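Report on the structure given below.
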Amino acid sequence: MNNEIPWWASETFWKKTAIWVTGFMFVVLVILTLDTIPQITAGSERVPAYSVINKHIGYEFNDERNMQVPVIGDEALLFGKKFNEEEAEALVSHGKKITQGRNCMGCHTLLGNGSYFAPDLTKAWLDPGWSSEPEREALMIAFLMDPIENARLFGSGRVMPNLHISEEEAKAVIAFLKWMSSIDTNGFPYNFTVIDKES
Amino acid sequence: MKINHLNGGQQLAVHYYTVAITLFVAQIIFGLLSGMQYLVPDLLLGILDFNVTRTVHINAMIVWLLYGFIGAVYWLLEEESETDIVGLMLGKIAFWVLTVAIVIVVVVFLVVQSGPGDDFTRWFVNEGREYIEAPRWADIGIVICLLVFFYNVAATFSKGKWSGISGVLTLDLVALAGLYLAGMFYTPNISVDQYWWWWVIHLWVEATWEVLVGCLMAWGLMKVLKVDRKIVTTWLYIEVALMFGSGILGLGHHYFWIGTPEYWLTIGGFFSALEPIPLVAMVVHAVYDAGARHMKGNNNPALAWLIAHAFGNFFGAGVWGFMHTLPQINLYTHGTQWSASHGHLAFFGAYATIIIAMIYIAIPYIRGQEGIGSNLPDGGWKWKWSLALLNLGVVGMTMALLISGYEQSFIERAVGGSTWFGYFAAQIHPWFVQGMEWRMVFGVVTAAGIVLLVWDLLTIGQRQSNNTKTQSESQPQAQSQSTS
């Protein structure tokens, strides 16, 4: 019976093909992962060190890459305090744990992943909705601590629930958001308008 | 429900199927709530906020599909291995442990909801990462229960007989369980976090789950249409080669915008564009086999759901995935209602359908019937209407969400520059709102479908009166069927 089946339709041919293709693709994925991980480790060119929260962060069009890219500028302290690398990592990490514990991804997207009920937070630090750079920190803290009183509805009626975020927690979340805005996301989001520098 | 006449694996399967369908109902209820919150934003505000209803909606789905898969594999285990299951008692214990754990997780999601930004929250309340929100203690419990399941599968096949289907299935389960570990660690770095998170999500739903349903499809076609084993096995290998050949590096389409290097735009775009090919192969395979047998099987609802699976998988996962997989388009659609549109059709079309088919395959054995033909006393209106309503409901939601997604990608992304202002300008636009309204209408259609489905599953093939007697009378028949 086997003689009647051409080689390209035989069970054994496809069994071997399946094994080799799967193995090969997995090896390629592992190699690419080994190349990618160092490039997205905090402190790399694409994903800056956590102490970047001490710096000014912009998002400008780059002619060479033909996309918007984060631009790390001069010192621009967060809450008027300079964090060393260790303190910065602790603060950003606390901020990220808060976003996980409050299930922010249940409504928002981060780097475009999550839910679609509320705005993307990838560049939330740079959003023009925070009026201007000098006013930004105070507005963000007030909003996070009481999002109902300080609702930002944009005509939608969609209120962020009060997640009982303390001032200290709000600051950690903002540090996390500021750090996240410095990640090179290959031009995502596109055509983004950055917050005014002056009020 | 008396199930003593079934073999050990089948008894376990009935347990898993029961929980699966219960969670399917929960998924729809919380989906309706989430959908309503788009239309009435202050609905249950401060009580069950959107992040809670949506988390339960998607987690109930993931878990019921897993239960469905486990149930389906246990169902075919003894028949395929031609021997008794090795760890029936262990399997039962694992079932109850897993089920109790899941009930606790859901109750905590609903009651506690959130916690402070510390490790306790991630371990015992909510991990806050989409799809794998389950706290860490539950992750560990899930892995242990999956290992018990894996042991039962691998050891039973080893004791009995291996086949092409069981070989692929067992290796696939190794990968499936192993990948879950990639999601079980904490890092402050969101790019690294999402890099590994996608290993779990993508390599589950776009690789290992697809191969798993390929195995179920192969077995289901043999069962329902009496297709030759050699043919389904060869097709299965072809599908594995195409699925892993495209799907493993297709992972790259999630690495466009999370901080990962630019070369992923090319790799992800290219390989994910190939991902529909194995799904075309599955459609050809299923439709050809059904046609070659003039659509005559021994189980009409199961056959109908298998065909729904073939097309649903191709359109939901294949076409809807391809539509926004290229980076040039994904830049505008990533994280919009496009993803929701794709998600609804893909999860239903690729996974819900085949689990429903597998449950219908089990029904005649449970009820002691020959099969489910066209001679049902009520003409089978319940299964036919539930099939129609569920498919219509999900396709309708998919279309409605797609319209909202198109509007969002234009108004928010292309024109509005993706700011919060742009986001809300898109959300309040009449085209978006209309999409959400139609999604709600079709959500209700889907809910009507599930009501009928549950009713049908509970009653189909059951004699109207003296049910106990009928089942005990038909016991020998069922046994002879299950060993044939």
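Quick notes on this structure:
- Checking region B:162-176 against the condition returns a match, with at least one residue being over 20 Å from the mean Cα position of the chain (by Cα), at pLDDT 95 or above and not in a helix (DSSP H, G or I).
- B:Glu262 acidic (Asp, Glu) and touching a helix residue (DSSP H, G or I) at 6+ places or on another chain (Cβ under 8 Å): no
- Near pairs, Cβ below 7 angstrom, 6+ apart or cross-chain, from region B:400-413 (more than 13 Å from every other protein chain (Cβ to nearest Cβ)) to any residue that is surrounded by fewer than 24 Cβ atoms within 10 Å (Cβ to Cβ) and in a helix (DSSP H, G or I): B:Ala400/B:Trp438; B:Ala400/B:Phe442; B:Ile403/B:Trp431
- Failed item, numbered, when B:Phe120 is tested on (1) among the aromatic types (Phe, Trp, Tyr); (2) surrounded by fewer than 19 Cβ atoms within 10 Å (Cβ to Cβ); (3) over 23 Å from A:His164 (Cβ atoms): (3)
Every residue, every condition in (1) assigned to a helix (DSSP H, G or I); (2) closer than 24 Å to B:Trp64 by Cα; (3) charged (D, E, K, R), yes or no:
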{"position": "B:Phe314", "(1), (2), (3)": "yes, yes, no"}
{"position": "B:Ile329", "(1), (2), (3)": "yes, no, no"}
{"position": "B:Ile355", "(1), (2), (3)": "yes, yes, no"}
{"position": "B:Pro377", "(1), (2), (3)": "no, no, no"}
{"position": "B:Gly405", "(1), (2), (3)": "yes, no, no"}
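- Hey, A:Gly58 small (Gly, Ala, Ser), farther than 30 Å from A:His164 by Cβ, in the same structural domain as A:Met160 (by TED's automatic domain parsing) and touching a residue at least 60 places away in the same chain (Cβ under 8 Å) or not: yes
- The sole residue among A:Ile174, A:Ile148 that is more than 7 Å from chain B (Cβ to nearest Cβ), more than 28 Å from A:Asp63 (Cβ to Cβ) and not in a helix (DSSP H, G or I) is A:Ile148.
- Residues that are among the basic types (Lys, Arg), assigned to a loop (DSSP other than H, G, I, E, B) and surrounded by fewer than 20 Cβ atoms within 10 Å (Cβ to Cβ) do not occur anywhere in region A:154-171.
- Qualifying positions in region B:238-278 - facing chain A (nearest Cβ under 9 Å), in contact (Cβ under 8 Å) with a residue 40 or more places away in the chain and within 23 Å of A:Leu110 (Cα to Cα): B:Leu251, B:His254, B:Tyr255, B:Phe256, B:Trp257, B:Ile258, B:Gly259, B:Thr260, B:Leu265
- Evaluating A:Thr41 against the criteria (1) under 27 Å from B:Trp264 (Cα atoms); (2) within 12 Å of another protein chain (Cβ to nearest Cβ); (3) within 21 Å of the chain's Cα centre (by Cα); (4) surrounded by 18 or more Cβ atoms within 10 Å (Cβ to Cβ) leaves one unmet condition, (4).
- Unique residue being modelled with pLDDT under 95, within 14 Å of B:Met217 (Cα to Cα) and either surrounded by 18 or more Cβ atoms within 10 Å (Cβ to Cβ) or β-branched (Val, Ile, Thr) (or both) when the list is B:Ala357, B:Ala286, B:Ala350, B:Ala310: B:Ala286
The values are calculated or read from the model by the stated rules, or taken from the named source; none is laboratory data. As the structure is a computational prediction, the values presented were derived from the model and not from experiment. Neighbour counts run over all protein chains shown; Cβ positions are idealised from the backbone, glycine included.
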